[in-house]
Amino acid sequence: MALLLERCIPGWSLAAVPETEQDAVVAGLLRRLWRPVQPGDGIAALEVMCRAGADSFDATVRHGDIDPGLARLGMDLLRRLPATAGRTVLLCTDLHAGNVLAARRQPWLVIDPKPFAGDPTYDVLQHMLNCRRLFADPRSLALRMAGLAGLDPERVLQWLFARCVQESDRQPALVGVATAIRPR
């Protein structure tokens, strides 16, 4: 596996574009970047990152800050979802509008990727977690991103739920989002 570096002069970021336009750009970039990854390619597994995140959450989050059942369900999904992916691809894991710059060769270039190998569904999460619309209508945002990126909508909702629970200690408003999209 090789990584191609390209010089990019900092300038206009995708964050300056309306969020609904950002959705299409982010989904298009991800679809272009997702490439199959084989064991032994030297890319860390998403499963390892998720397990570590869930273990850290369990060890540090105070039980009174979030409903214990919600927390258990979120961390269970965070641990289980990576192993149930239908395919394994090279992920960015930190793709949001602030990490996309206007360019000359291509309309938009991704900067600051944090590569992992895993479920492509995970890759739309950081964009959604950075959208203001997440708090108003998380289900619609998840379904929109699933459609734009060609992903299973229910799986996007499960991943979003798990990540909202995981991030709720740093962003307490995400408890409301997790509650709204809690899997049945």
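Quick note: the coordinates plus some simple rules give every number you see, no bench work behind them. Bear in mind that the values here come from a model prediction, so they are computed numbers and not experimental data. Cβ: placed from backbone, ideal geometry, glycine included. Neighbour counts: every protein chain shown.
Of all the residues in the range 40-51, those that are part of a helix (DSSP H, G or I) and over 12 Å from Asp76 (Cα atoms) number 4. Filtered by the rule that a residue be closer than 25 Å to Glu154 by Cα and polar (S, T, N, Q), the range 95-122 gives a lone residue, Thr121.
Give the residues of the range 148-184 that are polar (S, T, N, Q), more than 15 Å from Ala85 (Cβ to Cβ) and assigned to a helix (DSSP H, G or I), sorted by residue number.
As a first pass, look at the range 148-184 and keep what is polar (S, T, N, Q): 158, 166, 168, 171, 179.
Now narrow it down to the ones that are more than 15 Å from Ala85 (Cβ to Cβ): 166, 168, 171, 179.
Listed by number, the residues that qualify are Gln166, Thr179.
For beta carbons closer than 9 Å, sequence separation of 6+ or different chains, a first residue in the range 74-96 that is closer than 18 Å to Ala52 by Cα and without any contact (Cβ under 8 Å) to a residue 24 or more places away in the chain and a second that is surrounded by fewer than 22 Cβ atoms within 10 Å (Cβ to Cβ) and hydrophobic (A, V, I, L, M, F, W, C), the qualifying pairs are Asp76/Ala54. Here Asp169 does not qualify as touching a Phe, Trp or Tyr at 6+ places or on another chain (Cβ under 9 Å), crowded, with 20+ Cβ neighbours inside 10 Å and closer than 20 Å to Arg51 by Cβ. Would you point out which residue out of Ala71, Ala45 is in contact with a Gly (Cβ under 8 Å, 6 or more places away or on another chain), in contact (Cβ under 8 Å) with a residue 40 or more places away in the chain, among the hydrophobic types (A, V, I, L, M, F, W, C) and more than 25 Å from Arg144 (Cβ to Cβ)? When all the criteria are applied, what remains is Ala45.
Filtered by the rule that a residue be of a type in the set (A, V, I, L, M) and touching an Asp or Glu at 6+ places or on another chain (Cβ under 8 Å), the range 72-88 gives Met75, Leu81, Ala83, Ala85.
Candidates are the residues of the range 82-130 that are under 12 Å from the mean Cα position of the chain (by Cα), assigned to a loop (DSSP other than H, G, I, E, B) and among the hydrophobic types (A, V, I, L, M, F, W, C); the one that is farthest from Ser13 (Cα to Cα) is Cys92. Filtering Asp119, Asp112, Asp152 for residues that are of a type outside the set (Gly, Ala, Ser), at positive phi and in contact with a helix residue (DSSP H, G or I) (Cβ under 9 Å, 6 or more places away or on another chain) leaves a single hit, Asp112. Lys114 fulfils the conditions (1) buried (at least 18 other Cβ atoms within 10 Å of the Cβ); (2) in contact with a Ser or Thr (Cβ under 6 Å, 6 or more places away or on another chain); (3) among the basic types (Lys, Arg) except for a single criterion, (1).
Given the conditions (1) closer than 23 Å to Gln38 by Cα; (2) in contact with a Phe, Trp or Tyr (Cβ under 9 Å, 6 or more places away or on another chain), and given that Ala83 satisfies all but one, which numbered condition is not satisfied? Of (1) closer than 23 Å to Gln38 by Cα; (2) in contact with a Phe, Trp or Tyr (Cβ under 9 Å, 6 or more places away or on another chain), only one is false for Ala83: (2).
Among residues of the range 97-124 that are closer than 19 Å to Val48 by Cα, those with a beta-carbon under 9 Å from a residue that is in a strand (DSSP E or B) and small (Gly, Ala, Ser) at least six positions away or on a different chain give the pairs Phe116/Ala45; Ala117/Ala45; Gly118/Ala45.
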